[in-house]
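Chemist: A single structure is presented below for examination.
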Amino acid sequence: MLSGWQEYFSEARDQHGRFPYASSVQARYGFVALPVVNYYFDVLKTAVEHTTGRPLHPRTWGPGAPFAAFISHDLDNLRSAWKAPAKAALRTGRLVDFGRQLWQHWTHPDAWDNIEAVAAATAQYGARSTFFVLPAHRPGADGTPNADYQLTARLWRQLAKLAKQGHELALHASIGTANNFTQFDAERQRVLDAEWCGNRFHYLRWEPRLTPSILNQAGDSYDSTLGFAEHFGFRNSYCHPFYPFDFQHNQPYSFLEIPLNVMDATLHHPNYLQLGPDEILPALTPMLVEVEKFGGVVSVLWHNQNFDPVNTANGPQQFHEIMSWLRGRGAAFLTGTEIWAQFPAA
Ligand SMILES: [Zn+2]
(Lines give C-alpha, C1' and ligand atoms only; values in the text may rest on other atoms or scores of the structure.)
Protein backbone atom coordinates (compact mmCIF):
# COMPACT_ATOMS: atom_id res chain seq x y z
CA MET A 1 0.00 0.00 0.00
CA LEU A 2 2.69 2.46 1.06
CA SER A 3 4.89 1.81 -1.99
CA GLY A 4 2.03 2.25 -4.44
CA TRP A 5 2.56 -1.32 -5.67
CA GLN A 6 -1.06 -1.66 -6.79
CA GLU A 7 -0.85 1.28 -9.22
CA TYR A 8 2.68 0.57 -10.45
CA PHE A 9 1.69 -2.94 -11.56
CA SER A 10 -1.80 -2.05 -12.80
CA GLU A 11 -2.63 -1.08 -16.40
CA ALA A 12 -5.82 0.79 -15.39
CA ARG A 13 -5.77 4.55 -16.12
CA ASP A 14 -8.59 7.12 -16.48
CA GLN A 15 -9.03 9.80 -19.20
CA HIS A 16 -6.43 11.95 -17.43
CA GLY A 17 -3.87 9.11 -17.29
CA ARG A 18 -4.48 8.59 -13.56
CA PHE A 19 -4.84 5.34 -11.63
CA PRO A 20 -8.61 5.19 -11.01
CA TYR A 21 -10.02 4.92 -7.51
CA ALA A 22 -12.50 2.32 -8.86
CA SER A 23 -9.54 0.00 -9.63
CA SER A 24 -8.01 0.29 -6.16
CA VAL A 25 -8.18 -2.24 -3.32
CA GLN A 26 -9.41 0.62 -1.12
CA ALA A 27 -12.54 0.87 -3.30
CA ARG A 28 -12.95 -2.90 -3.56
CA TYR A 29 -12.83 -3.47 0.20
CA GLY A 30 -14.11 -0.05 1.30
CA PHE A 31 -11.20 1.18 3.46
CA VAL A 32 -10.09 4.39 1.71
CA ALA A 33 -10.78 6.45 4.85
CA LEU A 34 -8.70 4.13 7.09
CA PRO A 35 -4.88 4.46 7.21
CA VAL A 36 -4.30 0.70 7.47
CA VAL A 37 -0.50 1.08 7.14
CA ASN A 38 -0.53 3.11 10.36
CA TYR A 39 -2.48 0.33 12.08
CA TYR A 40 0.16 -2.23 11.00
CA PHE A 41 3.00 0.03 12.17
CA ASP A 42 1.19 0.37 15.49
CA VAL A 43 1.26 -3.42 15.91
CA LEU A 44 5.01 -3.37 15.16
CA LYS A 45 5.50 -0.51 17.62
CA THR A 46 3.81 -2.50 20.38
CA ALA A 47 5.97 -5.53 19.56
CA VAL A 48 9.19 -3.43 19.65
CA GLU A 49 8.17 -1.80 22.94
CA HIS A 50 7.40 -5.21 24.41
CA THR A 51 10.75 -6.67 23.31
CA THR A 52 12.94 -3.73 24.33
CA GLY A 53 10.94 -2.76 27.41
CA ARG A 54 11.15 0.87 26.33
CA PRO A 55 8.27 3.07 25.11
CA LEU A 56 8.57 4.58 21.61
CA HIS A 57 7.49 8.20 21.33
CA PRO A 58 5.64 9.20 18.19
CA ARG A 59 6.58 12.32 16.24
CA THR A 60 5.10 15.59 17.53
CA TRP A 61 4.30 18.68 15.50
CA GLY A 62 4.81 21.41 18.08
CA PRO A 63 3.85 22.11 21.68
CA GLY A 64 0.48 20.55 22.46
CA ALA A 65 -0.33 19.74 18.83
CA PRO A 66 -1.48 16.12 18.50
CA PHE A 67 -1.44 16.29 14.69
CA ALA A 68 -0.74 18.71 11.82
CA ALA A 69 -2.69 20.27 8.95
CA PHE A 70 -1.37 21.40 5.58
CA ILE A 71 -3.71 23.89 3.84
CA SER A 72 -3.15 24.53 0.13
CA HIS A 73 -4.72 26.16 -2.90
CA ASP A 74 -4.03 25.25 -6.52
CA LEU A 75 -4.19 28.46 -8.59
CA ASP A 76 -5.92 27.25 -11.78
CA ASN A 77 -8.33 30.13 -12.35
CA LEU A 78 -8.05 33.80 -11.42
CA ARG A 79 -9.95 35.38 -14.31
CA SER A 80 -13.02 33.26 -15.13
CA ALA A 81 -15.70 33.91 -12.47
CA TRP A 82 -17.69 35.97 -15.00
CA LYS A 83 -17.84 33.24 -17.67
CA ALA A 84 -20.55 30.90 -16.32
CA PRO A 85 -23.14 33.63 -15.53
CA ALA A 86 -22.38 35.42 -18.85
CA LYS A 87 -22.83 32.17 -20.83
CA ALA A 88 -26.08 31.42 -18.98
CA ALA A 89 -27.41 34.93 -19.80
CA LEU A 90 -26.51 34.51 -23.46
CA ARG A 91 -28.03 31.03 -23.68
CA THR A 92 -31.36 32.19 -22.25
CA GLY A 93 -31.46 35.36 -24.38
CA ARG A 94 -31.02 37.82 -21.47
CA LEU A 95 -28.94 40.20 -23.56
CA VAL A 96 -29.02 43.14 -21.14
CA ASP A 97 -27.78 40.85 -18.39
CA PHE A 98 -25.11 39.48 -20.75
CA GLY A 99 -23.96 43.03 -21.55
CA ARG A 100 -23.81 43.85 -17.84
CA GLN A 101 -21.63 40.77 -17.21
CA LEU A 102 -19.25 41.80 -20.00
CA TRP A 103 -19.08 45.37 -18.69
CA GLN A 104 -18.35 44.07 -15.16
CA HIS A 105 -15.64 41.83 -16.60
CA TRP A 106 -13.84 44.70 -18.35
CA THR A 107 -14.18 47.25 -15.56
CA HIS A 108 -13.96 45.28 -12.29
CA PRO A 109 -11.55 42.75 -10.84
CA ASP A 110 -12.72 39.15 -11.29
CA ALA A 111 -14.32 37.47 -8.24
CA TRP A 112 -11.68 34.73 -8.50
CA ASP A 113 -8.82 37.25 -8.43
CA ASN A 114 -8.91 36.69 -4.67
CA ILE A 115 -5.60 35.32 -3.41
CA GLU A 116 -5.29 37.97 -0.65
CA ALA A 117 -8.78 37.06 0.60
CA VAL A 118 -7.86 33.36 0.54
CA ALA A 119 -4.71 34.04 2.56
CA ALA A 120 -6.76 36.12 5.03
CA ALA A 121 -9.31 33.28 5.37
CA THR A 122 -6.65 30.79 6.50
CA ALA A 123 -4.86 33.42 8.63
CA GLN A 124 -8.04 33.68 10.78
CA TYR A 125 -7.08 30.26 12.17
CA GLY A 126 -3.44 31.13 12.74
CA ALA A 127 -2.65 29.13 9.60
CA ARG A 128 -0.67 30.03 6.50
CA SER A 129 -1.63 29.00 2.99
CA THR A 130 0.48 27.20 0.41
CA PHE A 131 -0.29 28.48 -3.10
CA PHE A 132 0.53 26.14 -5.99
CA VAL A 133 1.25 28.42 -8.96
CA LEU A 134 0.56 27.14 -12.50
CA PRO A 135 3.08 28.62 -14.96
CA ALA A 136 1.46 27.35 -18.21
CA HIS A 137 -1.27 29.43 -19.78
CA ARG A 138 -1.83 27.45 -23.00
CA PRO A 139 -3.80 24.17 -22.81
CA GLY A 140 -1.86 20.89 -22.69
CA ALA A 141 -1.15 18.90 -25.87
CA ASP A 142 -4.32 16.85 -25.19
CA GLY A 143 -6.47 20.00 -24.95
CA THR A 144 -6.80 19.94 -21.13
CA PRO A 145 -6.86 23.51 -19.81
CA ASN A 146 -3.98 24.93 -17.80
CA ALA A 147 -4.02 28.34 -16.07
CA ASP A 148 -6.57 30.96 -17.18
CA TYR A 149 -3.98 33.63 -16.23
CA GLN A 150 -0.44 34.62 -17.15
CA LEU A 151 2.32 35.08 -14.62
CA THR A 152 2.51 38.86 -15.00
CA ALA A 153 4.73 41.22 -13.01
CA ARG A 154 1.61 42.30 -11.09
CA LEU A 155 0.78 38.73 -10.08
CA TRP A 156 4.39 38.09 -9.05
CA ARG A 157 4.22 41.18 -6.82
CA GLN A 158 0.96 39.94 -5.24
CA LEU A 159 2.48 36.50 -4.63
CA ALA A 160 5.73 37.93 -3.23
CA LYS A 161 3.72 40.01 -0.76
CA LEU A 162 1.89 36.92 0.50
CA ALA A 163 5.19 35.04 0.79
CA LYS A 164 6.50 37.90 2.95
CA GLN A 165 3.53 37.41 5.29
CA GLY A 166 4.60 33.78 5.78
CA HIS A 167 2.42 32.10 3.17
CA GLU A 168 4.15 29.61 0.91
CA LEU A 169 4.55 29.47 -2.87
CA ALA A 170 5.04 26.22 -4.73
CA LEU A 171 4.83 24.81 -8.26
CA HIS A 172 1.60 23.51 -9.82
CA ALA A 173 3.23 21.67 -12.72
CA SER A 174 1.13 21.75 -15.89
CA ILE A 175 -0.41 19.10 -18.15
CA GLY A 176 2.35 16.95 -19.70
CA THR A 177 4.99 17.55 -17.02
CA ALA A 178 4.15 14.37 -15.07
CA ASN A 179 5.45 12.37 -18.06
CA ASN A 180 8.27 14.59 -19.25
CA PHE A 181 11.34 15.59 -17.23
CA THR A 182 12.49 18.34 -19.62
CA GLN A 183 9.11 20.07 -19.50
CA PHE A 184 8.86 19.64 -15.71
CA ASP A 185 12.36 20.97 -15.15
CA ALA A 186 11.75 24.00 -17.37
CA GLU A 187 8.67 24.95 -15.32
CA ARG A 188 10.46 24.28 -12.09
CA GLN A 189 13.33 26.56 -13.06
CA ARG A 190 10.93 29.22 -14.23
CA VAL A 191 8.90 29.28 -11.03
CA LEU A 192 10.92 27.95 -8.15
CA ASP A 193 13.68 29.82 -6.40
CA ALA A 194 15.81 28.41 -3.60
CA GLU A 195 13.08 28.89 -0.99
CA TRP A 196 10.34 27.14 -2.92
CA CYS A 197 10.55 23.44 -3.02
CA GLY A 198 7.06 21.96 -3.32
CA ASN A 199 5.05 20.63 -6.22
CA ARG A 200 1.59 19.34 -7.01
CA PHE A 201 0.66 18.21 -10.51
CA HIS A 202 -2.33 19.92 -12.16
CA TYR A 203 -5.35 17.56 -12.39
CA LEU A 204 -3.45 15.34 -9.92
CA ARG A 205 -1.76 13.81 -12.95
CA TRP A 206 0.63 11.06 -11.89
CA GLU A 207 2.02 8.17 -13.91
CA PRO A 208 3.38 5.74 -11.29
CA ARG A 209 6.05 4.39 -13.67
CA LEU A 210 7.45 7.81 -14.67
CA THR A 211 6.43 10.65 -12.36
CA PRO A 212 8.36 9.67 -9.20
CA SER A 213 11.67 9.43 -11.09
CA ILE A 214 11.01 12.86 -12.67
CA LEU A 215 10.57 14.38 -9.21
CA ASN A 216 13.61 12.50 -7.94
CA GLN A 217 15.79 13.75 -10.77
CA ALA A 218 14.67 17.33 -10.13
CA GLY A 219 16.26 17.29 -6.66
CA ASP A 220 15.28 17.44 -2.99
CA SER A 221 11.73 18.63 -2.65
CA TYR A 222 8.27 17.62 -1.58
CA ASP A 223 5.23 16.65 -3.62
CA SER A 224 1.58 16.66 -2.59
CA THR A 225 -0.26 15.01 -5.50
CA LEU A 226 -1.08 11.56 -4.10
CA GLY A 227 -4.76 11.48 -3.31
CA PHE A 228 -7.69 10.09 -5.26
CA ALA A 229 -9.65 12.76 -7.16
CA GLU A 230 -12.77 10.60 -6.86
CA HIS A 231 -12.72 10.06 -3.09
CA PHE A 232 -11.22 11.68 0.01
CA GLY A 233 -8.99 9.49 2.16
CA PHE A 234 -5.63 7.74 1.92
CA ARG A 235 -4.31 6.68 -1.51
CA ASN A 236 -1.30 4.99 0.13
CA SER A 237 -3.31 4.02 3.23
CA TYR A 238 -0.94 6.15 5.33
CA CYS A 239 -1.53 9.44 7.13
CA HIS A 240 2.08 10.65 7.51
CA PRO A 241 4.46 12.09 4.89
CA PHE A 242 6.76 9.43 3.43
CA TYR A 243 9.50 8.78 0.91
CA PRO A 244 7.94 6.87 -2.03
CA PHE A 245 9.56 3.63 -3.14
CA ASP A 246 11.64 3.19 -6.30
CA PHE A 247 10.88 -0.29 -7.65
CA GLN A 248 13.64 -0.10 -10.26
CA HIS A 249 16.46 0.58 -7.81
CA ASN A 250 14.91 -1.05 -4.75
CA GLN A 251 15.33 2.02 -2.55
CA PRO A 252 13.37 5.11 -1.46
CA TYR A 253 13.21 8.19 -3.68
CA SER A 254 14.69 11.40 -2.28
CA PHE A 255 11.53 13.54 -2.50
CA LEU A 256 9.04 13.59 0.36
CA GLU A 257 5.39 12.87 -0.41
CA ILE A 258 2.83 14.72 1.71
CA PRO A 259 -0.30 12.77 0.70
CA LEU A 260 -3.42 14.72 -0.27
CA ASN A 261 -6.49 13.73 1.78
CA VAL A 262 -9.23 16.18 0.82
CA MET A 263 -9.83 18.13 -2.38
CA ASP A 264 -12.86 20.48 -2.60
CA ALA A 265 -13.85 19.20 -6.08
CA THR A 266 -14.01 15.59 -4.81
CA LEU A 267 -16.81 16.50 -2.42
CA HIS A 268 -19.25 17.94 -4.93
CA HIS A 269 -18.74 17.28 -8.64
CA PRO A 270 -20.72 15.50 -11.38
CA ASN A 271 -17.93 12.88 -11.76
CA TYR A 272 -17.03 12.50 -8.07
CA LEU A 273 -19.07 12.66 -4.86
CA GLN A 274 -22.27 14.67 -4.62
CA LEU A 275 -22.37 15.56 -0.94
CA GLY A 276 -24.83 18.21 0.21
CA PRO A 277 -23.44 21.38 1.81
CA ASP A 278 -24.24 20.09 5.33
CA GLU A 279 -22.92 16.60 4.67
CA ILE A 280 -19.30 17.53 3.97
CA LEU A 281 -17.83 17.92 7.48
CA PRO A 282 -19.77 14.90 8.86
CA ALA A 283 -18.51 12.79 5.92
CA LEU A 284 -14.89 13.85 6.51
CA THR A 285 -14.86 13.65 10.32
CA PRO A 286 -14.12 9.89 10.72
CA MET A 287 -11.11 10.26 8.38
CA LEU A 288 -9.89 13.37 10.23
CA VAL A 289 -10.18 11.51 13.54
CA GLU A 290 -7.93 8.74 12.14
CA VAL A 291 -5.20 11.28 11.30
CA GLU A 292 -5.54 12.80 14.76
CA LYS A 293 -5.29 9.34 16.38
CA PHE A 294 -1.98 8.57 14.61
CA GLY A 295 -0.54 12.10 14.89
CA GLY A 296 -0.36 12.49 11.11
CA VAL A 297 -0.90 15.35 8.65
CA VAL A 298 -4.31 16.36 7.27
CA SER A 299 -3.72 17.76 3.78
CA VAL A 300 -6.55 19.94 2.44
CA LEU A 301 -6.76 21.41 -1.08
CA TRP A 302 -9.32 24.19 -1.50
CA HIS A 303 -9.08 26.00 -4.88
CA ASN A 304 -9.17 29.81 -4.69
CA GLN A 305 -12.22 29.90 -6.97
CA ASN A 306 -14.18 28.02 -4.28
CA PHE A 307 -13.76 30.94 -1.89
CA ASP A 308 -16.30 32.76 -4.09
CA PRO A 309 -19.42 33.26 -1.90
CA VAL A 310 -21.69 32.22 -4.81
CA ASN A 311 -20.42 28.67 -4.26
CA THR A 312 -22.69 27.26 -1.54
CA ALA A 313 -21.98 23.58 -2.36
CA ASN A 314 -18.22 23.26 -1.67
CA GLY A 315 -17.41 26.89 -1.03
CA PRO A 316 -16.10 29.13 1.75
CA GLN A 317 -18.67 27.91 4.32
CA GLN A 318 -17.52 24.28 4.02
CA PHE A 319 -13.84 25.35 4.11
CA HIS A 320 -14.44 27.28 7.34
CA GLU A 321 -16.23 24.30 8.91
CA ILE A 322 -13.19 22.08 8.23
CA MET A 323 -10.77 24.75 9.52
CA SER A 324 -12.82 25.26 12.72
CA TRP A 325 -12.80 21.52 13.35
CA LEU A 326 -9.01 21.35 12.86
CA ARG A 327 -8.36 24.31 15.14
CA GLY A 328 -10.77 22.96 17.76
CA ARG A 329 -8.78 19.70 17.88
CA GLY A 330 -5.47 21.54 18.26
CA ALA A 331 -3.89 20.81 14.86
CA ALA A 332 -0.55 22.53 14.16
CA PHE A 333 -1.02 24.40 10.88
CA LEU A 334 2.21 23.99 8.86
CA THR A 335 3.33 24.82 5.34
CA GLY A 336 4.69 22.06 3.10
CA THR A 337 8.26 23.30 3.55
CA GLU A 338 7.89 23.31 7.34
CA ILE A 339 6.72 19.69 7.21
CA TRP A 340 9.50 18.73 4.76
CA ALA A 341 12.13 20.35 7.01
CA GLN A 342 11.16 18.01 9.88
CA PHE A 343 12.08 14.88 7.91
CA PRO A 344 15.64 13.63 7.62
CA ALA A 345 16.73 13.08 4.00
CA ALA A 346 16.02 9.60 2.64
ZN1 LIG B 1 -4.86 22.41 -11.03
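The values are calculated or read from the model by the stated rules, or taken from the named source; none is laboratory data. Computed from a predicted structure; not experimentally measured. Because the Cβ atoms are built from the backbone with ideal geometry, glycine has one as well, and the counts that use them run over all protein chains shown. Accessible surface areas use protein heavy atoms only, side chains included; no ligands, DNA or RNA. Shrake-Rupley method; radii C 1.70, N 1.55, O 1.52, S 1.80 Å.
Chemist: Out of curiosity, is R79 open to solvent by 60 Å² or more (accessible area, probe 1.4 Å), within 30 Å of N271 (Cα to Cα) and either touching a Lys or Arg at 6+ places or on another chain (Cβ under 6 Å) or in contact (Cβ under 8 Å) with a residue 40 or more places away in the chain (or both)?
Modeler: For R79, the condition - open to solvent by 60 Å² or more (accessible area, probe 1.4 Å), within 30 Å of N271 (Cα to Cα) and either touching a Lys or Arg at 6+ places or on another chain (Cβ under 6 Å) or in contact (Cβ under 8 Å) with a residue 40 or more places away in the chain (or both) - is met.
Chemist: Out of the stretch 181-214, which residues are away from the ligand (no atom under 16 Å from the Cβ), in contact (Cβ under 8 Å) with a residue 40 or more places away in the chain and assigned to a helix (DSSP H, G or I)?
Modeler: Once the filter is applied, which keeps residues that are away from the ligand (no atom under 16 Å from the Cβ), in contact (Cβ under 8 Å) with a residue 40 or more places away in the chain and assigned to a helix (DSSP H, G or I), the stretch 181-214 yields R190, P212, S213.
Chemist: Considering every residue within the stretch 116-135, establish whether at least one is part of a helix (DSSP H, G or I), at pLDDT 95 or above and within 16 Å of the ligand (Cβ to nearest atom).
Modeler: For the stretch 116-135, residues part of a helix (DSSP H, G or I), at pLDDT 95 or above and within 16 Å of the ligand (Cβ to nearest atom): present.
Chemist: Does L171 fit the bill of being within 14 Å of the ligand (Cβ to nearest atom) and outside any helix (DSSP H, G or I)?
Modeler: Taking the combined requirement at face value, the residue satisfies it.
Chemist: Still on this structure, I have one more. Checking the condition charged (D, E, K, R), within 16 Å of the ligand (Cβ to nearest atom) and outside any helix (DSSP H, G or I), which residue from R59, R54, R18 passes?
Modeler: So the residue among R59, R54, R18 that is charged (D, E, K, R), within 16 Å of the ligand (Cβ to nearest atom) and outside any helix (DSSP H, G or I) is R18.
Chemist: Taking the stretch 215-239 as the search range and keeping residues that are of a type in the set (G, A, S) and part of a loop (DSSP other than H, G, I, E, B), which one is surrounded by the most Cβ atoms within 10 Å (Cβ to Cβ)?
Modeler: My answer is S224.
Chemist: Here's something else I'd like to know. Among A12, A33, which is the only one that is part of a loop (DSSP other than H, G, I, E, B), at pLDDT 95 or above and more than 15 Å from F294 (Cβ to Cβ)?
Modeler: On inspection, the qualifying residue turns out to be A12.
Chemist: If you don't mind, there's one more thing I want to ask. Would you please name the residue that is surrounded by the fewest Cβ atoms within 10 Å (Cβ to Cβ), looking only at residues in the stretch 142-170 that are in contact with a Gly (Cβ under 7 Å, 6 or more places away or on another chain) and under 27 Å from G126 (Cα atoms)?
Modeler: E168
Chemist: Ok, one more. Run down F19, F70 and say which single residue is open to solvent by less than 40 Å² (accessible area, probe 1.4 Å) and either in contact with a Leu (Cβ under 7 Å, 6 or more places away or on another chain) or farther than 23 Å from P244 by Cα (or both).
Modeler: F70
Chemist: I would also like to ask the following. Of all residues in the stretch 70-113 being more than 23 Å from V262 (Cβ to Cβ) and within 16 Å of the ligand (Cβ to nearest atom), which is modelled with the highest pLDDT?
Modeler: Among them, the one singled out is R79.
Chemist: Here is a list: A84, A117. Which entry is in contact with a helix residue (DSSP H, G or I) (Cβ under 9 Å, 6 or more places away or on another chain), of a type in the set (G, A, S) and surrounded by fewer than 18 Cβ atoms within 10 Å (Cβ to Cβ)?
Modeler: From the options A84, A117, the qualifying one is A117.
Chemist: Continuing with this model, one more query. How many of the residues in the stretch 82-123 are free of Cβ contacts under 8 Å to residues at least 24 places away in the same chain and among the polar types (S, T, N, Q)?
Modeler: 4
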